[in-house]
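Undergrad: Got a structure for you, questions after.
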Amino acid sequence: MFFHKKRATVFSREGFVPAGGLVAYVGIVAIVLSHGNDWFRGIPPYAAIVLMLSLLSFSVLVCALIVLSGPYQLFVAKKGKEALAMVVSTAAWLAMFVALIIVVVLFGRWL
């Protein structure tokens with residue numbers, strides 16, 4: 001008899017959702033930043049710096065929650081290999097999304 005192991009793939013569904021959520025969150029922040037001059041006109045420079053650093057700190061927290069909440073739950077449940085696989089899958093999907101965005105931005109004008 002032949003025993004077939006389930007082939008592990010880097011692009012699993014478990015990594016797609018966090019990577020997609022991260023891209024969506026970063027997209028929302030990019031929209032806010034692109035309209036920042038219009039929405040926050042006349043704000044003093046020191047307040048703008050405080051807001052920017054606060055947004056950076058908040059974004060780090062949100063991104064960590066999006067990417068690491070699932071692997072943390074698996075790790076606590078003594079499933080370290082699955083947790084690591086989920087982190088790797090999320091990173092792979094995120095790289096794929098970034099590559100797709102770069103291709104669309106660079107070559108979208110000619111499509």
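Only the coordinates and a few stated rules stand behind these numbers; no lab work does. Please read these numbers as outputs of a predicted model, since none were measured by experiment. FYI the Cβ positions are ideal-geometry reconstructions off the backbone, even for glycines, and counts take in every protein chain you see.
Undergrad: Among the trypsin sites (Lys or Arg not before Pro) in segment 42-101, which ones are in a DSSP loop with at most 14 other Cβ atoms within 10 Å of the Cβ? Mind listing them? Mind dumping the intermediate values first?
TA: Values: sites: LYS78, LYS79, LYS81; in loops: LYS78, LYS79.
Sparse-neighbourhood loop trypsin sites (Lys or Arg not before Pro): LYS78, LYS79.
Undergrad: Once the piece of chain linking ILE28 and VAL10 is laid out straight, how much longer is it, given 0.36 nm per residue of separation minus the C-alpha distance between them?
TA: The ILE28-VAL10 span can extend by a further 3.8 nm.
Undergrad: Can you compute log10 of I(q)/I(0) for the chain with the Debye formula, treating each Cα as one identical point scatterer, at q = 0.12, 0.18 Å⁻¹?
TA: These q points yield log10 I(q)/I(0) values of -0.61, -0.99.
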